[in-house]
Amino acid sequence: MTNSPNLPILWTFRRCPYAMRARLALAISKIPFEWREIILRDKPAAMLEASPKGTVPVLVLPDGTVLEESLDIMSWALERNDPEGWLDFSDAKRREINRLIAQSDGDFKFHLDRTKYYTRYEGADPQFHRAETLKILHQWDQRLSHAGQFFGSRPCLADMAIFPFVRQFANIDRQWFAAQKLPALQAWLEGHLESALFTQIMEKHPPWQDGDAPLLFPPQNP
Ligand SMILES: N[C@@H](CCC(=O)N[C@@H](CS)C(=O)NCC(=O)O)C(=O)O
């Protein structure tokens, strides 16, 4: 197998919000890595060997350590280099940040999945779940109305861990989403989607194949 020694390998899927947040943290920390794009319905054996649970993102470190949870990958990257201070908060604030992310990964994602993929959940009523998701978005809109980001005027771990999921929800029905009264949240989302950082981590790549030359991130200058 072609490998880039000494670089972490990220197994990733462009449109997965969990993989997006891992790529956001790796990109801001400026830790170079090998990008291995996958297709969810056709996961490479090499990825499943490293992480049999079969979800992306997966980060394989040069010493063989495997990180197979997006939040672990974010923490790993930011603990090494956190130039924008995404983790630069008191312990009490960090607990608050973790609670907000838990609400997003928990209740918000629960209702988002049952709005977007309602056919996969027996008896799920997408209107009910959309309304429940909206209740959470109203809380977040209120919070964002103070200073623009969840914990002040600068983005932190919470903003970056959560906005890919709000994007996923907004994309279910963009017209409906735009018609909701969520001005601070809509501006916050728009700002992140238009950022250079997000553009950088949303580059399109073909799925990795055994024998491919390593695709390095950040891209190497010609
Ligand atoms: N808790 C995991 C969740 C990752 C996850 O569920 N990723 C989805 C894609 S968005 C996945 O890989 N699903 C497996 C599949 O669809 O086969 C994390 O935070 O990394």
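The values are calculated or read from the model by the stated rules, or taken from the named source; none is laboratory data. What you see is a predicted model, and the numbers here were worked out from it, not measured in a lab. We place every Cβ from the backbone using ideal geometry, glycine too, and count neighbours over all the protein chains shown.
Data table
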| item | result |
| --- | --- |
| Helices (runs of 4 or more DSSP H) within segment 139-222 that include 3 or more residues within 24 Å of Ile28 (Cα to Cα) | 157-170, 183-193, 196-201 |
| Selection within segment 115-124 - over 21 Å from Arg167 (Cα atoms) and either at pLDDT below 95 or exposed (fewer than 15 other Cβ atoms within 10 Å of the Cβ) (or both) | Tyr121, Glu122, Gly123 |
| Qualifying residue in segment 69-91 (condition: surrounded by fewer than 16 Cβ atoms within 10 Å (Cβ to Cβ), of a type in the set (Lys, Arg) and either assigned to a helix (DSSP H, G or I) or at pLDDT below 95 (or both)) | yes |
| Matching residues, segment 76-96, being within 16 Å of the ligand (Cβ to nearest atom) and under 17 Å from Phe150 (Cβ atoms) | Leu78 |
| Cβ-Cβ under 8 Å pairs, at least 6 apart or on other chains, segment 32-55 side at positive phi, far side within 13 Å of the ligand (Cβ to nearest atom) | Gly54/Lys43; Gly54/Met47; Gly54/Leu48 |
